[in-house]
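Just below is one structure, and these are the notes that go with it.
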Amino acid sequence: VLEAAKSHLPSRPQEAFQALLPVLDYPGALDTREKFVAGLEAFGLVCYHLGAHDLGRTLEFLCRQPDHPEALFDLGYRCYEQRLFSVGATFLARGHQLHPGEVSLLTELVSCLEGLGLYGEAYRYLKEAAIDTPVCHYLMGSQALMSGRLEEAEAVLPLLQDVDNQDVSQMRDNLAATLRRAKALSPDLDVRGWHLALNGCLLLHISPYGFE
């Protein structure tokens, strides 16, 4: 796949990128160090030909130091900024595997998984990591809620109760309010129910053409 993707360069970089997606999209097919570096190299070449030089330089650096935690975070963050959530999640999951105690890698991975709608997967990573910080506790509660684990979400609230930080207090209050609405509507959390729980307002019309 990697060689097939590179065969589109330099004249068709967008086609090269599309050809790379089967190995870059989460969970990816870069399960060995050799494959991971080869994937970094191919993605870097594509980025340079697409004009994404900052991203290309990050990938070039990672080809030399593929375990570097800050560079892996930077790569994941840049992918998130470009809405390449699935690609970012693949690289951030690798970074989290190599550096399980790095909060920034875990939280950015959760952001990418959230962008994909994989709330249950994000919750699993947070629960397994068990990092004792207010941000990780809040994220675990919010991902539990979004994946329908209302009891697990409620169990997080006491961990945020005595944190002396205005931002954390606001996040806790928002989570608690959303959870109250969700519990009041459970088990009838259909589309209208979830809209009310998450947004605090009523959805009056559902499109007959589907949800996307």
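Just so it is clear, none of the values below were taken in a lab; they were calculated from the coordinates. Being a predicted model, the structure only gives us computed values, none of them experimental. Methodologically, a virtual Cβ is constructed for each residue, glycine included, from the backbone with ideal geometry; neighbour enumeration extends over all protein chains shown.
Once the chymotrypsin sites (Phe, Trp or Tyr not before Pro) in DSSP loops with at most 14 neighbouring Cβ atoms within 10 Å are cut out of the chain, the longest remaining piece is 1-208.
Computed on the chain, with alpha-carbon pairs under 8 angstrom and 6+ residues apart, the relative contact order is 10 percent. Sorted largest first, the principal axis extents computed over the alpha-carbon atoms of region 1-69 equal 32, 23, 17 Å. Computed over the alpha-carbon atoms, region 29-71 gives an Rg to Rh ratio of 0.97, Rh here being the Kirkwood radius from the mean inverse distance. The value for the chain of Rg(Cα) / (2.2 N^0.38 Å) is 1.17.
Of the residues Leu145, Tyr119, Met171, the one whose Cα sits farthest towards the positive end of the charge dipole of region 111-178 is Tyr119 (charges of +1 on Lys and Arg Cβ, -1 on Asp and Glu Cβ, taken about the Cα centre).
If only the Cβ of Lys and Arg carry +1 and only the Cβ of Asp and Glu carry -1, the dipole of the chain around its Cα centre is close to 400 debye.
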